[in-house]
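> I have a structure I would like to understand better, so I am pasting it below and will then ask my questions one at a time.
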Amino acid sequence: MTRTKILRLRLPEALLADARRLAPRSFKRDPSRFFERVLRRWVEEEKERLLDAEVAKMGKDPHILAECRKINEEFAQCDSDG
């Protein structure tokens, strides 16, 4: 069973009214599940963004670039093998 924690949120009334008007039925039936899905999606997108940033940082690292060049040189001999 997943542990849960109760969290109270303060939302502008206009935003909540728009959400109730525009959101799918799932929001109206169970706002907690709706917010959970939205938050999970944001967390996954943020993790992906952070990973992309780390990969980009690695792509500029001189030590990693040197190692990649060595690996490419080693495998270049096999390129003509088909």
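FYI, it's all coordinate maths here, none of it is from the lab. Nothing here was measured: the structure is a model prediction, and the numbers come from that model. Every residue, glycine as well, gets a Cβ built from its backbone with ideal geometry; the counts of neighbours run over all protein chains shown.
> In terms of the Cα gyration tensor, with a ≥ b ≥ c the square roots of its eigenvalues, is the chain rounded because a/c is under 1.5, prolate because a/b exceeds b/c, or oblate? Let's see the in-between values first.
Working: a/c = 3.66, a/b = 3.28, b/c = 1.12.
Note, shape of the chain comes out prolate.
> Distance in nm between label sites at Arg41 and Lys70, each 7 Å beyond Cα in the beta-carbon direction?
It works out to 4.5 nm between the two label points.
> If a/c stays under 1.5 just call it rounded; otherwise compare a/b with b/c (prolate if a/b is bigger, oblate if not). Do that for the range 34-82, with a ≥ b ≥ c from the square roots of the Cα gyration tensor eigenvalues.
Numbers: a/c = 8.43, a/b = 2.52, b/c = 3.34.
Oblate.
> Calculate the dipole size of the chain relative to its Cα centre from +1 charges on Lys and Arg beta carbons and -1 charges on Asp and Glu beta carbons; express the result in debye to the nearest 20. Intermediate values should be presented prior to the final figure.
Working: 19 positive and 16 negative charges, 264 e Å.
Once rounded to the nearest 20, the dipole reads 1260 debye.
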